[in-house]
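Heads up, the thing below is written out as structure tokens.
The values are calculated or read from the model by the stated rules, or taken from the named source; none is laboratory data. What you are looking at is a predicted structure, and each value in this text was computed from that prediction instead of being measured. Every residue, glycine as well, gets a Cβ built from its backbone with ideal geometry; the counts of neighbours run over all protein chains shown.
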Amino acid sequence: MKVIIKHRSRGRIRVQMAQPRMSLEQADLLECYLQRLPQVIRASVHERTRCAIVEYQGSQAEILRAFNQFSYQMDGLHPPISSSRALNRTYEEKLVGMAAAKVSTPI
């Protein structure tokens, strides 16, 4: 998968995935893949910005090579059964709906 390097420092890199949109399931798959890599200390994926932040040990070239080898159809990648990302999105939508209902009701 192609990525655009947005920021890098020693032991940390932030990349943006070169795709127009990222679903919640795709973000979960990418995060699962990154966390399984032996050189990764911590990884987080943000589906709205299509960015991945990775803290790692070793060389940056290894991490970039791992991004190039990544595919959403890889064998052995399974999204978590209960995604906290999906649960957060559900409650966020409910909260926005409740706030919009409060604002739109006449006094």
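From the residues in the range 59-107 that are among the aliphatic types (A, V, I, L, M) and within 16 Å of the chain's Cα centre (by Cα), which one is surrounded by the fewest Cβ atoms within 10 Å (Cβ to Cβ)? By that ranking, first place goes to L87. Taking residues in the range 43-70 that are of a type in the set (G, A, S), and partners anywhere that are in a loop (DSSP other than H, G, I, E, B), the pairs with Cβ atoms closer than 6 Å and at least 6 places apart or on different chains are G58/Q39; A66/L37.
Checking each residue in the range 11-33 for being touching a residue at least 40 places away in the same chain (Cβ under 8 Å) and over 12 Å from C51 (Cβ atoms) picks out G11, R12, L24, E25, Q26, D28, L29, C32, Y33.
Criterion applied to Y33, Y56 was being surrounded by 12 or more Cβ atoms within 10 Å (Cβ to Cβ) and out of contact with any Leu (no Cβ under 7 Å at 6 or more places or on another chain), and the one residue passing it is Y56. Within the range 42-59, the set of residues being part of a loop (DSSP other than H, G, I, E, B), closer than 22 Å to Q73 by Cβ and at pLDDT 95 or above comprises just one member, R50. Total residues in the range 11-41 satisfying the condition of being within 16 Å of L64 (Cβ to Cβ) and not in a loop (DSSP other than H, G, I, E, B): the figure is 10.
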